[in-house]
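The values are calculated or read from the model by the stated rules, or taken from the named source; none is laboratory data. This one's a predicted model, so the numbers in the text were calculated from it and none came from an experiment. Don't worry about glycine lacking a Cβ; one is built from the backbone with ideal geometry, like all the others, and counts go over all protein chains shown. Only protein heavy atoms, including side chains, enter the accessible area calculation; ligands, DNA and RNA are left aside. Shrake-Rupley method; radii C 1.70, N 1.55, O 1.52, S 1.80 Å.
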Amino acid sequence: MAGGPERAGLKISKAKLDQDIALLVERLPPNKQWRAVVGVANGGVYPAGKVADRLNLEYREIRVSSYIGQAKAPPKILRAIDDAKKGAGLLVVDDVIDSGDTALVIREMLPAADFATVYVKPVGLRKFQHHGTSLTFAEQHPQDLWIVFPWDQTGWDPELPSSVVEYRQSL
């Protein structure tokens, strides 16, 4: 592929993703009181919306660019969240933490937020842990594995969780 080497891919079905999102919700700390769930667009929108719906919480969105195809690029915040509480009471949810760079850029913006991801890879997990940040996740995968999400496969019906629809209508 132009812009980077090909990586072995794992296609995740919608059913598998939904199952893993449910597992992620089960693994979240039970005593936390969050104000909102923050989805990391683009890939984190669906999982974060599902988490927000399951927890009956408000959904918010941050937009970060960190890939060009399968090639890693420096993370760039395209839409930030201005939060007076520096993220306290926010649960940031993404689809995958690969290198950890995107999550750490968000961590700088929202230092008091909690973080969760459906899938994590070893480098991202180590980097996150090295910065003293806990991370809740459903599954860990090898670093060199490219995860192909349902929305990147043919036949995906662009389904958005209700919390995402409500948020986007309010913009």
Out of the residues in the stretch 141-171 that are within 17 Å of the chain's Cα centre (by Cα), of a type in the set (A, V, I, L, M, F, W, C) and more than 17 Å from Asp20 (Cβ to Cβ), which is most open to solvent (accessible area, probe 1.4 Å)? Leu160
For the stretch 31-42, indicate whether the set of residues that are surrounded by 18 or more Cβ atoms within 10 Å (Cβ to Cβ), more than 30 Å from Thr154 (Cβ to Cβ), at pLDDT below 95 and out of contact with any Ser or Thr (no Cβ under 6 Å at 6 or more places or on another chain) is non-empty. no
Taking the criterion of being modelled with pLDDT of 95 or more, of a type in the set (Asp, Glu) and either within 12 Å of the chain's Cα centre (by Cα) or open to solvent by less than 40 Å² (accessible area, probe 1.4 Å) (or both), would at least one residue in the stretch 121-140 satisfy it? no
Taking the stretch 43-59 only, how many residues are under 19 Å from Ala112 (Cβ atoms) and either more than 15 Å from the chain's Cα centre (by Cα) or open to solvent by 60 Å² or more (accessible area, probe 1.4 Å) (or both)? 3
Among (1) open to solvent by 60 Å² or more (accessible area, probe 1.4 Å); (2) closer than 29 Å to Ser170 by Cβ - the single one Ile81 does not satisfy: (1)
Could you grab me the full set of residues in the stretch 17-30 that are open to solvent by 60 Å² or more (accessible area, probe 1.4 Å) and either touching a Phe, Trp or Tyr at 6+ places or on another chain (Cβ under 6 Å) or modelled with pLDDT of 95 or more (or both)? Gln19, Glu26, Arg27
Against the definition (over 19 Å from Leu110 (Cα atoms) and at pLDDT below 95), how does Lys14 come out, yes or no? yes
Scanning the stretch 111-120 for residues that are open to solvent by less than 30 Å² (accessible area, probe 1.4 Å) and in a strand (DSSP E or B) gives Phe115, Ala116, Thr117, Val118, Tyr119, Val120
How about the stretch 134-164: which of its residues are of a type in the set (Val, Ile, Thr) and either in contact (Cβ under 8 Å) with a residue 40 or more places away in the chain or in contact with a Lys or Arg (Cβ under 6 Å, 6 or more places away or on another chain) (or both)? Thr136, Ile147, Val148, Val164
